[in-house]
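Asker: Below is one structure. I have some questions about it.
The values are calculated or read from the model by the stated rules, or taken from the named source; none is laboratory data. None of these values were measured; they are calculated from a predicted model. Every residue, glycine as well, gets a Cβ built from its backbone with ideal geometry; the counts of neighbours run over all protein chains shown. These accessible areas exclude ligands, DNA and RNA; they are computed on the full protein's heavy atoms, side chains included. Shrake-Rupley method; radii C 1.70, N 1.55, O 1.52, S 1.80 Å.
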Amino acid sequence: MAISGAVGGPFHAGRLHWPGVPVVDDGGSIIEPGEPVEVDCMVQIDQVTEAMRQEAGYTDRDVRMLVLAPGLERRVDTDAIVEVLPGAFVPANHVGLWSVASSAQDVLGFAFDGRGRRA
(Lines give C-alpha, C1' and ligand atoms only; values in the text may rest on other atoms or scores of the structure.)
Protein backbone atom coordinates (compact mmCIF):
# COMPACT_ATOMS: atom_id res chain seq x y z
CA MET A 1 0.00 0.00 0.00
CA ALA A 2 2.94 2.31 0.68
CA ILE A 3 4.26 1.74 -2.84
CA SER A 4 0.80 2.40 -4.32
CA GLY A 5 0.66 5.70 -2.46
CA ALA A 6 4.16 6.72 -3.51
CA VAL A 7 3.99 5.85 -7.20
CA GLY A 8 0.29 6.22 -7.92
CA GLY A 9 -1.10 2.74 -8.03
CA PRO A 10 -2.31 0.19 -8.65
CA PHE A 11 -4.37 0.21 -5.41
CA HIS A 12 -6.34 3.29 -4.42
CA ALA A 13 -8.35 4.34 -1.39
CA GLY A 14 -11.92 3.12 -1.43
CA ARG A 15 -14.89 2.31 0.70
CA LEU A 16 -17.17 -0.73 0.77
CA HIS A 17 -20.88 -0.13 1.41
CA TRP A 18 -23.48 -2.71 2.45
CA PRO A 19 -27.18 -2.00 3.08
CA GLY A 20 -28.50 -2.48 6.57
CA VAL A 21 -30.27 -5.68 7.59
CA PRO A 22 -33.94 -4.71 7.90
CA VAL A 23 -36.03 -5.51 10.96
CA VAL A 24 -39.36 -7.02 9.91
CA ASP A 25 -42.58 -7.75 11.76
CA ASP A 26 -44.39 -11.10 11.83
CA GLY A 27 -46.16 -10.26 8.56
CA GLY A 28 -42.88 -9.52 6.75
CA SER A 29 -43.25 -5.73 6.65
CA ILE A 30 -40.09 -3.72 7.26
CA ILE A 31 -40.18 -1.90 10.59
CA GLU A 32 -36.65 -0.47 10.40
CA PRO A 33 -34.29 -0.48 7.41
CA GLY A 34 -31.23 -1.37 9.51
CA GLU A 35 -27.88 0.39 9.79
CA PRO A 36 -25.79 0.49 6.61
CA VAL A 37 -22.19 -0.74 6.95
CA GLU A 38 -19.19 1.15 5.53
CA VAL A 39 -15.62 -0.15 5.58
CA ASP A 40 -12.49 1.57 4.24
CA CYS A 41 -10.47 -0.48 1.77
CA MET A 42 -7.86 -0.39 -0.98
CA VAL A 43 -9.12 -1.22 -4.47
CA GLN A 44 -7.79 -1.62 -7.99
CA ILE A 45 -9.94 -1.29 -11.12
CA ASP A 46 -8.61 -3.29 -14.07
CA GLN A 47 -9.63 -5.02 -17.29
CA VAL A 48 -11.74 -8.16 -16.96
CA THR A 49 -10.17 -11.57 -17.39
CA GLU A 50 -11.17 -13.99 -20.13
CA ALA A 51 -12.91 -16.13 -17.48
CA MET A 52 -14.98 -13.10 -16.42
CA ARG A 53 -16.05 -12.56 -20.02
CA GLN A 54 -17.53 -16.09 -19.95
CA GLU A 55 -19.61 -15.46 -16.79
CA ALA A 56 -23.37 -15.13 -17.05
CA GLY A 57 -24.46 -11.50 -17.23
CA TYR A 58 -21.13 -10.16 -18.55
CA THR A 59 -21.30 -6.90 -20.52
CA ASP A 60 -18.50 -5.04 -22.30
CA ARG A 61 -18.77 -2.26 -19.68
CA ASP A 62 -17.75 -4.56 -16.80
CA VAL A 63 -14.44 -4.15 -14.96
CA ARG A 64 -12.28 -6.31 -12.76
CA MET A 65 -12.05 -5.16 -9.14
CA LEU A 66 -9.36 -6.27 -6.73
CA VAL A 67 -10.05 -5.34 -3.09
CA LEU A 68 -7.26 -6.00 -0.60
CA ALA A 69 -8.55 -8.36 2.09
CA PRO A 70 -6.26 -7.77 5.11
CA GLY A 71 -8.10 -5.67 7.68
CA LEU A 72 -11.58 -6.13 6.21
CA GLU A 73 -14.26 -7.08 8.70
CA ARG A 74 -16.27 -9.14 6.22
CA ARG A 75 -16.16 -10.78 2.80
CA VAL A 76 -16.80 -8.73 -0.32
CA ASP A 77 -20.02 -10.17 -1.73
CA THR A 78 -22.59 -9.19 -4.34
CA ASP A 79 -24.50 -7.12 -1.77
CA ALA A 80 -21.54 -4.71 -1.55
CA ILE A 81 -21.02 -1.48 -3.44
CA VAL A 82 -17.37 -0.51 -3.99
CA GLU A 83 -16.59 3.20 -3.95
CA VAL A 84 -13.30 4.35 -5.46
CA LEU A 85 -12.38 7.65 -3.84
CA PRO A 86 -10.79 10.54 -5.79
CA GLY A 87 -7.08 11.06 -5.30
CA ALA A 88 -3.93 12.43 -6.92
CA PHE A 89 -3.17 9.28 -8.94
CA VAL A 90 -6.66 7.85 -9.40
CA PRO A 91 -7.88 7.84 -13.02
CA ALA A 92 -11.05 9.94 -13.25
CA ASN A 93 -12.97 7.11 -14.94
CA HIS A 94 -12.31 4.84 -11.93
CA VAL A 95 -13.75 7.22 -9.32
CA GLY A 96 -17.27 6.48 -8.14
CA LEU A 97 -19.56 3.62 -7.20
CA TRP A 98 -19.29 0.08 -8.59
CA SER A 99 -21.69 -2.80 -8.00
CA VAL A 100 -20.22 -6.27 -7.43
CA ALA A 101 -21.43 -8.89 -9.93
CA SER A 102 -19.11 -11.66 -8.72
CA SER A 103 -16.43 -12.00 -6.07
CA ALA A 104 -14.02 -14.65 -4.81
CA GLN A 105 -11.12 -14.49 -2.39
CA ASP A 106 -7.76 -15.74 -3.61
CA VAL A 107 -6.30 -18.83 -1.93
CA LEU A 108 -3.79 -16.81 0.09
CA GLY A 109 -6.46 -14.45 1.44
CA PHE A 110 -4.70 -11.43 -0.09
CA ALA A 111 -7.58 -9.96 -2.10
CA PHE A 112 -11.14 -10.32 -3.29
CA ASP A 113 -11.13 -10.61 -7.07
CA GLY A 114 -14.39 -9.80 -8.77
CA ARG A 115 -16.31 -8.38 -11.67
CA GLY A 116 -18.36 -5.23 -11.38
CA ARG A 117 -19.96 -2.34 -13.19
CA ARG A 118 -21.01 1.26 -12.54
CA ALA A 119 -23.64 1.42 -9.84
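Asker: Roughly speaking, what is the stretch gain from Arg117 to Asp46, that is 0.36 nm per residue apart minus the C-alpha to C-alpha distance, in nm to one decimal?
Answerer: 24.4 nm
Asker: A further question on this structure: Hey, what do the phi angles of region 12-22 turn into as Karplus ³J(HN,Hα) couplings, whole Hz, using 6.51/-1.76/1.60 and θ = phi - 60°, x for Gly and Pro?
Answerer: 3J(HN,Hα) across region 12-22, in whole Hz: 10, 5, x, 8, 9, 10, 10, x, x, 8, x.
Asker: I'd like the accessible area for Asp40, computed on protein heavy atoms only with a 1.4 Å probe and all protein chains in place. Round to 10 Å², please.
Answerer: That residue has around 110 Å² of solvent-accessible surface.
Asker: Keeping all protein chains in the complex and leaving out DNA, RNA and ligands, what accessible area do you get for Thr78 with a 1.4 Å probe, in Å² to the nearest 10?
Answerer: In the full protein context, Thr78 sits at about 90 Å².
Asker: Solvent-accessible area of Leu85, probe 1.4 Å, all protein chains present, reported in Å² to the nearest ten, please.
Answerer: Surface accessible to solvent at Leu85 totals approximately 40 Å².
Asker: Same structure again: Roughly speaking, what % of Cα-Cα pairs in the chain are separated by over 16 Å, rounded to a whole number?
Answerer: Cα-Cα pairs in the chain separated by more than 16 Å: 62 percent.
Asker: Under a plain spin-label model, where a point goes 7 Å from the Cα along Cα-to-Cβ, how far apart in nm are Phe110 and Thr59?
Answerer: 3.1 nm
Asker: Next question. How much accessible area per residue does the chain have, in Å², with a 1.4 Å probe?
Answerer: Each residue of the chain exposes 61 Å² on average to a 1.4 Å probe.
Asker: Counting pairs of alpha carbon atoms under 8 Å apart in space and at least six apart in sequence, what relative contact order in percent does the chain give?
Answerer: Taking the mean separation of contacting Cα pairs over the length of the chain, I get 25 percent.
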